[in-house]
Structure formats: C-alpha cells, structure tokens
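Have a look at the structure below before the remarks.
The values are calculated or read from the model by the stated rules, or taken from the named source; none is laboratory data. Remember, predicted model here, so these are calculated numbers, not experimental data. Ideal geometry is used to build each Cβ from the backbone, glycine not excepted, and the neighbour counts take in all protein chains shown.
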C-alpha cells in the first residue's frame, strides 16, 4: 500500500522527471520524504521559490517534457507565481505541487491559508485541490495530461494530511502521450502558395515553432528568394549555416531586417507569435503558419491563416511553390545585413577605442574607458563551448547576446523572452545545469537581475551546479535608462549601488572573478569558462553604452538628445 505522496513521486519518476525544485516545509513534508525514499528524483532546495519555478520551466523548455516545482502553504506557493507565468508565456509544461492547510481547515481563514485554485486560475491550464485520497491518481493524471496537451502550467494543491493518507489500493498513474503534429488544410496551403507565387518580393519571419524544420525553412526561402528575419528564440537552430537569415527585428534587431520587412510585398510568418506590433510592416499581404489557431492574426492583420505544424505545412507548401528567378530582394537584404554585422563587430574589438572613430565616440559615451559590453559578449562567444546552453536576463544583456553570440547547431538558448521578467538568467541556468552537470551553462546576467535573487548563488554551490554567471555590471537598470532617455527624460532611479559582486560570489563559495580593465577581459573569460565549478564573472562595463532600435523615430533620437542635456545640467547642479 502506498500513500498519496509516495504514489505521486513514483508516478513522476516513472514519467521521466529527474528533478524537483522548491523549499521544504509543513504540507510538503510527506512529498519531500517520498522523494528521499524513492531515490530516483533529485530534490533541489532553493532559497526562493521563484527560482524553483524558473528552473523547472527551463528544464521543460530544454527537454520538451514536464518540469516540476513545489511551494508549501500560502507564501511558499505565492512565490512560485512569476516563474510559472514565464512557463505559461513560453508554452512549456510545468507541474506545480502546492501545499495546503489541513483539509478540515480549508475555508476557515486558517494560518497561511490561500485559495490556490483561485490564486493560480490565470496562470494555470489546470488548478485543483485534492480533498480526498480517493481522488488520486485521477487528479494527478488530469494535471499532467492537461499540462502536456496544452503546453502550460498545472497546479495541484495537496493538504499535508491528505498527502500522508494511505490509498485504498495500490495504483499507478497513467499519462497519455498527446503530442501529435497536425497538418494544415490543403485548401489553406494552396491559397497561401497562390499569394506567394504572385509576389515579386517575399520576406519570411521565422520563429521557434520552425526550429525542427530547418531544412524545409531553407528550401522555402531558396524557392522564394526570400530573406529570413529570425526571432530571438529561432537563433538557436536556424542561425547557423543559413545564407538567408538577416538577424532580428524589434528593439534588439538591426536595420537590414527592418528594411526587409518594409520592402516586401508578402510577409510569410512561420511558427512565430512575435509580439511587437510596431515592427510589423503595414499594407502587406501576410501569411501566417502556426500550429495554434489562436495565434493567427493576433499581432498583425493576416490575409491567409494556415493552422498546422510547421514541418508538415512547409512540406505541403513546397509542392505548390514556383521558383523565383529574381533574387535582388534577397541579395539586397543580405548585403545590408553583412555590412551592419561588420560595423557592430568593430565595437567588440579590443582596439576599437583607439581608432579615430572609437576615440571620437568614447568622448561622448565612454570617457572613462570602461569595458564595452559588446566586447564581453564577443569574448564569451569566442571561448564558450560549441554545445553551451545560454540564458540571458531581460534587458541589455539580451541585446548583447542577440548581437554577438552565434548559436551553433548544438548550442541552446533560454530567456524570459515572452514574459520579460527580471532575474531569470541565473535560475534558468541552474535548471539547465541540473540536467547535465558536464555541459557548459553560461548566464548573461544584468547586475539588477542577479542581485534580485542573489540568495540562490548558494544553491549553485550547495548542489554543485557549475554554472558560469557573467554579470554585466554597469551599475544601472540599463534598459530602463534607455527607455527614459529615448522619451526625453533624464535618467532617474536606475542607479545601482553594487558591492564587489565577485567578492559576494566568493563569500557564497563560487569562484569569483572581477574585471575592471579591458586588457584583462579575454583571459578572465577563458579562466571562468575553464573552471570546473560555479563561477561569478563580475565585469564592470560602460553604463552609457546604448543600443539604438533599427526603426528608431526622429522623436526618439531627439528625446535622447534632450535627456542627455538634462542629465548634464543635473550633474552640474549637484554639489
């Protein structure tokens, strides 16, 4: 005979779950004891439950299977919310097992009582509280199957007294494999092909939904002579050996990509829900291929919606497409992209600031000769493993990664790219590292993001997770600073009074390295990546380094100039 708790843990282990993340206590005690006795799952006790949810979501995204985290009664479960919202927005299956007050006290406003079903109703595709042992394993099956089928978050709340109860009979949970790619309707494919064949200039916008159909994406692009604008998530599989790709659009993008969107007659979107409306061109024929019907047309006006798996749909589309002989649109876009790439690569060079252009620019944006963040990202790219997993904090750290880190065939990429949370890079790196401690995991951390959840540096040490945490330490909330200045506002509230973060890392047991001079950067990066344990590489970077959006308006440029004048006046008035 088994208890509810031992049945749950055995079922998750049988499913292939390897790690459970959380903080132990009260209602979770039967479950964590079941983990101890079962022996097939690794329990990683974090210092903050938000880290647990981010780590579980990272594991789910990397494996395509279920991630699991736990939060105990009330506050412990509440702390999971932000990481669970990231899993929701990333469409990845995560099971959150939450503790609840004793079953007889539910509804009595008991100490720490929270209505979990109501609390998680927005973030979860399934949220239920177990009120009787007789409901198991059925509620567990529903939770896991729903999370997997709908690629989202399931929350199962278990009161401590229920978790310890014996089941009436030995029982096993049965989970259903519901992953089945769906082909698009043939008439929808033919209609899309007709529009593509009639167009002289086609640009493709390709997202992560196409990552497993790379060869088909390239064949379609070749047939259409179409440049490919990649979303950030699509860099992972579609960037390398792709002679059609022209980088990203949006805030992190480049002018070549934006121009290719503006100059096309037909925009072909494949496997993307790219959210930034301002980056979409107007007045174009838009074809959107997506496995989720609810995604069709929610970002821009779509002329032809095609619901289906990217690979199956592109296969069908190729049989209908004519070959375009005029490749001038593609050639122009690629030429502009190559020119832009050469210009930005110069910023990362060790000798840039001593060139004539570099010296002139440094007078305005880097008079102290601080390390440029571009150089940090480029050094990581040069020395990181070809199979490294990268994570990045939301903000400028993501900009530098997008522009200077190339995603080879075996590299992986994670970030809070849909939710846009701060402080995600370190927790996601911990999750990735726990899957395979022999694989290199590099986190691009903002100083604001790292210090928000800095307590879980201790988790990396306690569980021997050899993550490489690279901190872009510019003493600023950099993206917020840029937002303010583009709006014509002087920088306010963004300055961070950071300690020596490398010293903090060493105090926590990590290998801490601090870099303040550009000449020390390359060797420090090599040392950090070669170390066999967790590392905090604290690089003091230029706080005034900016990344201009590819479609920046005259108003934004003027606002930036006005902001700089105001900042200068404010600085001069300071006693």
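Some values worked out for this structure:
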{"read-out": "Breaking point among (1) at pLDDT below 95; (2) touching a strand residue (DSSP E or B) at 6+ places or on another chain (Cβ under 9 Å); (3) outside any helix (DSSP H, G or I), for residue 469", "value": "(1)"}
{"read-out": "Test: residue in region 451-471 that is touching a helix residue (DSSP H, G or I) at 6+ places or on another chain (Cβ under 9 Å) and closer than 26 Å to residue 207 by Cβ", "value": "no"}
{"read-out": "Test: residue 267 is in a helix (DSSP H, G or I) and at pLDDT 95 or above", "value": "no"}
{"read-out": "Positions within region 274-290 being surrounded by 18 or more Cβ atoms within 10 Å (Cβ to Cβ), in contact (Cβ under 8 Å) with a residue 24 or more places away in the chain and assigned to a loop (DSSP other than H, G, I, E, B), in sequence order", "value": "274"}
{"read-out": "The lone exception for residue 131 - which of (1) within 30 Å of the chain's Cα centre (by Cα); (2) assigned to a loop (DSSP other than H, G, I, E, B) it fails", "value": "(1)"}
{"read-out": "Matching option when the condition is in a helix (DSSP H, G or I), more than 30 Å from residue 124 (Cβ to Cβ), modelled with pLDDT of 95 or more and in the same structural domain as residue 293 (by TED's automatic domain parsing), among 223, 243", "value": "223"}
{"read-out": "One residue from 310, 316 being in contact with a strand residue (DSSP E or B) (Cβ under 7 Å, 6 or more places away or on another chain) and closer than 18 Å to residue 223 by Cα", "value": "310"}
{"read-out": "Residue list for region 56-102, restricted to those being on the phi > 0 side of the Ramachandran plot and either surrounded by 24 or more Cβ atoms within 10 Å (Cβ to Cβ) or in contact (Cβ under 8 Å) with a residue 60 or more places away in the chain (or both)", "value": "91"}
{"read-out": "Unique match (being closer than 30 Å to residue 116 by Cα and either surrounded by 24 or more Cβ atoms within 10 Å (Cβ to Cβ) or free of Cβ contacts under 8 Å to residues at least 40 places away in the same chain (or both)) among 203, 231, 171, 146", "value": "146"}
{"read-out": "Unmet requirement for residue 458, which otherwise passes all of (1) at pLDDT below 95; (2) surrounded by fewer than 18 Cβ atoms within 10 Å (Cβ to Cβ); (3) out of contact with any strand residue (DSSP E or B) (no Cβ under 8 Å at 6 or more places or on another chain)", "value": "(1)"}
{"read-out": "Region 443-452: number of residues that are surrounded by fewer than 24 Cβ atoms within 10 Å (Cβ to Cβ) and in contact (Cβ under 8 Å) with a residue 40 or more places away in the chain", "value": "1"}
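Residue-wise test of (1) over 30 Å from residue 251 (Cβ atoms); (2) crowded, with 21+ Cβ neighbours inside 10 Å; (3) modelled with pLDDT under 95; (4) outside the structural domain of residue 384 (by TED's automatic domain parsing).
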{"site": "506", "(1), (2), (3), (4)": "yes, no, no, no"}
{"site": "509", "(1), (2), (3), (4)": "yes, no, no, no"}
{"site": "512", "(1), (2), (3), (4)": "yes, yes, no, no"}
{"site": "515", "(1), (2), (3), (4)": "no, yes, no, no"}
{"site": "522", "(1), (2), (3), (4)": "no, no, no, no"}
{"site": "526", "(1), (2), (3), (4)": "yes, no, no, no"}
{"site": "531", "(1), (2), (3), (4)": "yes, no, no, no"}
{"site": "537", "(1), (2), (3), (4)": "no, yes, no, no"}
{"site": "546", "(1), (2), (3), (4)": "no, no, yes, no"}
